[in-house]
Amino acid sequence: MAKGARLVVIDPRKTDLAAIADEQEDGVWLRLRPGTNIPLLNAILHVIIEEGLEDKKFIQERTEGFDALKEQCRDYSPERMAQLTDVAPELIRKAARLYASSENSMILYGLGVTEHKGGTAGVMALANLVLATGHVGRPHNGINPLRGQNNVQGACDMGTLPYIFPGYLSTDDSEARERFARAWGVKALPEGRGLMEPQMYDAALKGNFKALYCVGYDPVQTQSDISRVQRAFHAMEFVVVQDMFLTETAKLAHVVLPSTCFYEKEGTFTSGERRVRKVNKVINPKRRLKADWEIICLISQAMGYPMIYTNPVQIMTEIAKLTPSYGGISYQDIGQTGQVWPCPEPGHAGTPLLHTEKFPGGKANFVPVSYIVPEEEADKDYPLVFVTGRRLEHYNNGSMTRRCQGFDQIAPYELLEVHPSDASALGIQDGQRVRVESRRGSIKAVATVTKRSRPGTVFMTFHFQDNLTNLLTSPGMDNKTLTPEYKVCAVRIRT
């Protein structure tokens, strides 16, 4: 921004970034109603097509399906969508012109897009904008997800999703199954999909899912609708938690395996730009604690499978051997700046920029997407829309940052952000302790009266163990990924 970048920020809450966009002469802040991402993005695309701002050459040479998208977008005029999104038509048009007419435009999106019932469709709507304007395959362009935690990219690359092997090779691919079976010294590997996390809880509550091994994750605090998650944990016969601290999930475990933090071990992280970087040990762990990979190897051996590695170098060597996109990445040669996959063979420079000449399937397909209504919306019984998120001072479940005295002095407890108009109507004073209720549970919090939240909307984080915010959140999930709908549910406040 300091060098002249113009901002378009889409957010129902006045974050620091939204405030900058709002103050820019050429910037724009679109303060939409929570849950209306898709109508707003389709309205921006409507303007781009209506005003002839699309990249016709790019569309013709590198895409398919534009005519169907164009036809669908006729119904998404800014004037019509303003009634649904609460965003003024002139602001929608301004945003469309800024994005489409700039030589270089980049989209950065976070959990405010994906944590909705229509999260996947929202990402597709963003991709339609990128393809329609040709803002891809060139430096300073493209669409980039901002991951919720470090190494989410690396975990996915290594096959932690229940339907892929490392390198995104499908478990239904017989050649991939044979390849990994040979490498791992087993006769065969199972085909088909495993269970997604919410499906595990469903199965546990039905008595069909008996045990869980949870590594570095605290779903009893961070999952949505956690009263249901708690019931699922109690229904399981054996729960193992491997973590640095006694989290809310670890408190329900039958066995807790203490592990090290990243300062105390070696390995790699892979960032959202696909950059693999080395993590070097800074200090030795106390009490002879072991790194995660060492614990997993020991458990495997105790269960009868000889998973024998002596250091991270051996593990990365196997990754490069079995994962085509990591084929040229060497632990010893990662260096200070890291290596970016695809890096298919030794000596390859890596691929910082994707889709420069073609897409993986040749041409990219436009996908028309329609508005997907949230699981629940405000009504007479629960008249406020509840949104969750994070604050700068704390990270995720707070198990680390809440132990930092400096951070905890800045943000020592949970706050419920309430707009002044709602506070006045409900008789709420700044600093007053109130009770927030949804159809699933209730919690207490300290109200802060602020214009950061829009009228009719309240906001909280999930950083604090003594305020389990996700007792309130919606049971809704994305139709494809089963990502919980953290960003919209209906609540009421009692004083």
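Values quoted throughout were computed directly from the atomic coordinates according to the rules given, and no laboratory measurement underlies them. Remember, it's a predicted structure, so these values are computed and weren't measured experimentally. All Cβ positions, glycine included, derive from the backbone under ideal geometry; neighbour counts span all protein chains shown.
One table, with the values for the structure above:
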quantity	calculated
Rounded, prolate or oblate (a/c below 1.5 giving rounded, otherwise prolate when a/b exceeds b/c) for segment 152-340 by Cα gyration tensor	oblate
Cα extents of segment 8-146 along the three principal axes, largest first (Å)	40, 33, 29
Exposure proxy ranking, count of Cβ atoms within 10 Å, fewest first, for Tyr331, Tyr309	Tyr309, Tyr331
Equivalent ellipsoid semi-axes, segment 384-494, via Cα gyration tensor eigenvalues times 5, rooted, Å	21, 20, 12
P(r) tail fraction, segment 248-323 - alpha-carbon pairs more than 21 Å apart, %	40
Segment 431-495 - Rg (one decimal) and Dmax (whole number), Cα, Å	12.6, 40
For segment 68-172, the Rg and Dmax computed from alpha carbons only, in angstrom	16.9, 49
Expected 222 nm ellipticity per residue - DSSP helices of 4 or more, -39500 (n - 2.57), all of the chain, to 500	-8500 deg cm²/dmol
Whichever aspartates and glutamates have a C-alpha closer than 20 Å to that of Lys210, once near sequence neighbours (fewer than 8 apart) are set aside	Glu197, Asp202, Asp218, Glu237, Glu248
Contour minus Cα-Cα distance for Thr160 and Ala211 (0.36 nm per residue)	16.6 nm
Cα principal axis extents for segment 118-186, largest first, Å	48, 29, 26
Computed over the chain: relative contact order in percent, which uses C-alpha pairs under 8 Å that are six or more apart	16
Least to most buried among Trp184, Trp341 (fewest other Cβ within 10 Å first)	Trp184, Trp341
Cα extents of segment 1-78 along the three principal axes, largest first (Å)	38, 31, 19
Convex hull volume per residue for the chain, taking Cα atoms only, in Å³	174
Calculated FRET value between Gln409 and Asp430, using beta carbons and R₀ = 25 Å, to 0.05	0.80
Centroid-to-centroid separation of segment 72-109 and segment 218-272 [C-alpha atoms, Å]	41
For Phe386, Phe165, order by how many other beta-carbon atoms lie within 10 Å, fewest first	Phe165, Phe386
Over 30 Å (Cα to Cα) - which of Lys70/Lys117; Lys94/Lys380; Lys363/Lys480; Lys14/Lys70; Lys290/Lys444 fall in this group	Lys94/Lys380; Lys14/Lys70; Lys290/Lys444
Long-range amide H partners of Asn365 with built H, under 5 Å	Glu64
Karplus (6.51, -1.76, 1.60) ³J(HN,Hα), θ = phi - 60°, over segment 362-367, in Hz, Gly and Pro reported as x	x, 9, 8, 9, 6, 10
Amide H contacts of Ser259 (H built 1.01 Å from N, under 5 Å, at least 5 apart or other chain)	Asp243, Met244
Gyration tensor (alpha-carbon) shape descriptor, segment 138-240, a/c threshold 1.5	oblate
Contact order relative to length of segment 152-340, as percent, for alpha carbon pairs under 8 angstrom and 6 or more apart	16
